[in-house]
Structures are given as structure tokens and as C-alpha cells.
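The values are calculated or read from the model by the stated rules, or taken from the named source; none is laboratory data. Computed from a prediction, not measured in an experiment: that's the story for all the values here. Here the Cβ positions follow ideal geometry from the backbone for every residue, glycine too, while neighbour counts run over all protein chains shown.
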Amino acid sequence: MALFEVFISYGMIGLFIISIISSIIPIPSEPVVFGLLGIGGDPRLIFLILTLGSILGAYICYHIGKRGLTKIINIQNNKSQEKTTHNYFREHSVLLLLISPWIPVFVNLAPLVAGIQNYDLKRFLFLILIANIIKSTGVVYLSISVINWLTTLFMK
């Protein structure tokens, strides 16, 4: 928890940084959101920064996949497996990108795969925007609800 306290101590800048990082490597941003709301942070600003940071992180992952992940990692040229993966992603890409922010580790893989598959950038950004707006709304709302519940429970 000390790691999250560092991000909380930097306020909105810390939230922006952790939201980008959490879209690239599997580290949760939710404890920072909860902490900032707990100390009286503005929910609208927290929502906005969390959403923008998450989209930027997904955009970075997309470009990591598109611009050279296959060059860094030695991937065996198994054409049938590559075609199967490509077809599966094309068929289910909308659903995969919309649910990806909710699934730990997958949040990092879906943008990478989209980049590797050379998925249309505008469509990718639109889907990631929608997905992260929904997720950020849920995280902020749930955090506020838990804080209100805990306050009611322990302040009586």
C-alpha cells in the first residue's frame, strides 16, 4: 500500500501517472482513486484524469504492439496460428476492447494485440474511450458509495 500512498500524495498528477502505468503494466489504479476521494478529491476531476490517463496508456500499448513488439520478441512464424488469432481478433475486437479495461492483465494485452493486428486507430480509440468512460464511471461511483457507507457505519 505504500506505493499507492506515494501516488495519492501527488494528487491528480499521481492519479494521471498511475492510470497510464496501469494501462501498460498490471497495477491497479483503483486504490489511488479511492484514496483521493477519501481525502475529499473532486469526483468529476478524478473521473476525467482517470479516463484520460487510461486512454493514453492504452494508446501507448497500441503503438508498442504496432511499432515493434514483434521485432523485440522472437515470434515463430506459424502462419496458421497467426491467421487464427487475426481472424478471432477481427471477429471479436469490439467486445474484447470494450471489456478489456475491466479484466486485469487483459487490459494490457488487448491494446497490444490491436496494435499488432494493425487495427484501425480511430476505431480503437473510440472503443477504448467508451470502455474507459464506463469503467471510470463505475470505479468513481463505487468508491464514493463505499466511502459513504464506511462513513455512515463508523461515524454513528
Among the residues in segment 125-132, are any in contact (Cβ under 8 Å) with a residue 60 or more places away in the chain, closer than 23 Å to Arg90 by Cα and in contact with a Ser or Thr (Cβ under 7 Å, 6 or more places away or on another chain)?
yes
Is it fair to say Leu48 is over 13 Å from the mean Cα position of the chain (by Cα) and of a type in the set (A, V, I, L, M, F, W, C)?
yes
Listed residues Asn87, Asn77; which is part of a helix (DSSP H, G or I), over 15 Å from Leu112 (Cβ atoms) and modelled with pLDDT under 95?
Asn87
Output the residue which, of all residues in segment 108-156 that are outside any helix (DSSP H, G or I) and surrounded by fewer than 15 Cβ atoms within 10 Å (Cβ to Cβ), is modelled with the highest pLDDT.
Asp120
